[in-house]
Amino acid sequence: MADIVEDLKAELEAVAARGAELDEAPSEQKLREANAALQRQLSAALKKMRDVPKERRAEVGKAVNAVKVGLEERFEGRLEALAREAREAELSGPMLDVSLPGRAPTPGRLHPVTRVKHELLDIFQSLGFEVADGPEVDTHANCFDKLGFPPDHPATDMQDTFFLTHTDEGDPVTTLLRTHTSTVQIREMSRRPPPLAVVSPGAVFRRDDDATHSPMFHQLEGFLVDEHVSFAHLKGVLTLFLERVFGPDIEVRFRPSYFPFVEPGAEVDVRRPGQDWMEILGCGMIHPVVFEHVGYDPEKVSGFAFGMGIDRMAMVKYGVVDREGKPSIKLLFENDVRFLSSF
Ligand code: FA5
């Protein structure tokens, strides 16, 4: 029995002696590693406690405790010393590390849709068009009725949006988030007589949502009213404009189409070499009913109008496609800086 106690005491002494390793640990990590090894050795020794006769347990327990406390003190002492040494080294070193590279601020830039919008406006201004503004919330009358949409016409279903009703001096007025910028045709023509050539960019809203349709998107409306304006003028202006935006490689096709506020009407698609056709605008000769609604004489004046998707133009211009190479309008509105800073 005496042997077990003596063995255990010898083991405890060996652990205590190895405690000197703690004093020499060169870093906090090494200190913790050395401490863990000692703790393991100590617990292995403690397992033998069960073989110690009862009457000697107190004596051995005391010895164990002394070793434990000794190790703890050494560990804490070395930890503090290491922290002090690190702090002293920091304080006695250079005040400022001028060798660190600077952090350059990331400069902001214009959104690709805004850049394309500015480019489109520049081209139209160079052709003599002036720029007008229009509100995003407009009346049902300006968005549909005065443009010749019959009440509840199915065409309004394709342009479903948010409707708001309020009263103007007691009369109910239906207002809505405009579904297209053609509202500006009514506003500008009602304000002044022809001749006029106007473009107007802005946000529009629809119940649309897929790879090439966004519920909020941007259009650029344009219209020119004078005497003897013909479809040839419309085609000439738009073709010249599209070649300026996309370069001479762009293919342009006019397709007959229907809009209540033009007659005849067309849609225009463009295609870049190697890509699919993309519809970018609707256009046509302004319908006589629109002239009547704004107080112009349809016998005396004629004009053309067009409305183009600015976001679609940006998609074609910059080749905006998803990982599978398919056009994706959503990328323009997700605000992912990695995507936006690639322009
Ligand atoms: C119109 O909005 C007519 N106001 C255009 C017009 C003006 C015709 C003047 C005649 C005279 P449309 O719904 O086709 O037409 O939209 C015009 C263009 O906006 C489309 O060619 C397309 O480029 C773009 N567009 C339409 N819906 C979306 C959408 N949900 N997301 C992104 N772009 C769209």
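With a requirement of 1 or more residues that are open to solvent by less than 30 Å² (accessible area, probe 1.4 Å), the helices (runs of 4 or more DSSP H) lying completely within region 268-343 that satisfy it span 288-294, 310-318. Is it true that some residue in region 96-119 is in contact with a strand residue (DSSP E or B) (Cβ under 7 Å, 6 or more places away or on another chain), closer than 22 Å to residue 280 by Cβ, at pLDDT 85 or above and of a type outside the set (D, E, K, R)? Yes: one or more hits. When region 135-188 is filtered for residues that are open to solvent by 50 Å² or more (accessible area, probe 1.4 Å), under 15 Å from residue 207 (Cα atoms) and at pLDDT 95 or above, nothing remains.
Residue-level check: of (1) away from the ligand (no atom under 12 Å from the Cβ); (2) on the phi < 0 side of the Ramachandran plot, residue 207 misses just (1).
Out of all the residues in region 216-229, is one or more of a type in the set (Val, Ile, Thr) and assigned to a strand (DSSP E or B)? Spell out the reasoning first.
We begin by selecting, within region 216-229, every residue of a type in the set (Val, Ile, Thr); these are 225, 229.
Okay, now just the ones that are also assigned to a strand (DSSP E or B), so 225.
Yes, region 216-229 contains at least one residue that is of a type in the set (Val, Ile, Thr) and assigned to a strand (DSSP E or B).
Mind telling me which of the residues 244, 255 ends up being open to solvent by 10 Å² or more (accessible area, probe 1.4 Å), within 16 Å of the ligand (Cβ to nearest atom) and either touching a residue at least 40 places away in the same chain (Cβ under 8 Å) or in the same structural domain as residue 159 (by TED's automatic domain parsing) (or both)?
Working: 244 fails: within 16 Å of the ligand (Cβ to nearest atom).
None of the other options fit; the residue is 255.
In this structure, is residue 201 surrounded by fewer than 20 Cβ atoms within 10 Å (Cβ to Cβ), at negative phi and either part of a loop (DSSP other than H, G, I, E, B) or in the same structural domain as residue 296 (by TED's automatic domain parsing) (or both)? For residue 201, the condition - surrounded by fewer than 20 Cβ atoms within 10 Å (Cβ to Cβ), at negative phi and either part of a loop (DSSP other than H, G, I, E, B) or in the same structural domain as residue 296 (by TED's automatic domain parsing) (or both) - is not met. Residue count for region 65-114, restricted to those that are closer than 30 Å to residue 43 by Cβ and either acidic (Asp, Glu) or not in a helix (DSSP H, G or I) (or both): 4.
Contact map, region 205-229: first residue not assigned by TED's automatic domain parsing to the domain that holds residue 332, second residue near the ligand (Cβ under 8 Å from one of its atoms) and of a type in the set (Gly, Ala, Ser), Cβ cut-off under 9 Å, separation 6 or more or different chains; the map is empty. Being open to solvent by 40 Å² or more (accessible area, probe 1.4 Å) and not small (Gly, Ala, Ser) is a property that residue 42 lacks.
Of a type in the set (Asp, Glu) and surrounded by 15 or more Cβ atoms within 10 Å (Cβ to Cβ): does that describe residue 208?
Working: of a type in the set (Asp, Glu): yes; surrounded by 15 or more Cβ atoms within 10 Å (Cβ to Cβ): yes.
Criteria met by residue 208.
Can you find, within region 275-312, the residue that is nearest to the chain's Cα centre (by Cα) among those that are within 12 Å of the ligand (Cβ to nearest atom) and of a type in the set (Val, Ile, Thr)? Outline the logic, then answer.
Our first condition is that a residue be within 12 Å of the ligand (Cβ to nearest atom); within region 275-312, this holds for 277-287, 290, 303-312.
Narrowing further to those that are of a type in the set (Val, Ile, Thr): 280, 286, 290, 310.
Details: 280: 23, 286: 38, 290: 39, 310: 17 Å.
Filtering first and then ranking leaves 310.
The values are calculated or read from the model by the stated rules, or taken from the named source; none is laboratory data. In this text, all values refer to a predicted model and were calculated from it rather than measured experimentally. FYI the Cβ positions are ideal-geometry reconstructions off the backbone, even for glycines, and counts take in every protein chain you see. Please note that ligands, DNA and RNA were not included when accessible areas were found on the heavy atoms of the full protein model with its side chains. Shrake-Rupley method; radii C 1.70, N 1.55, O 1.52, S 1.80 Å.
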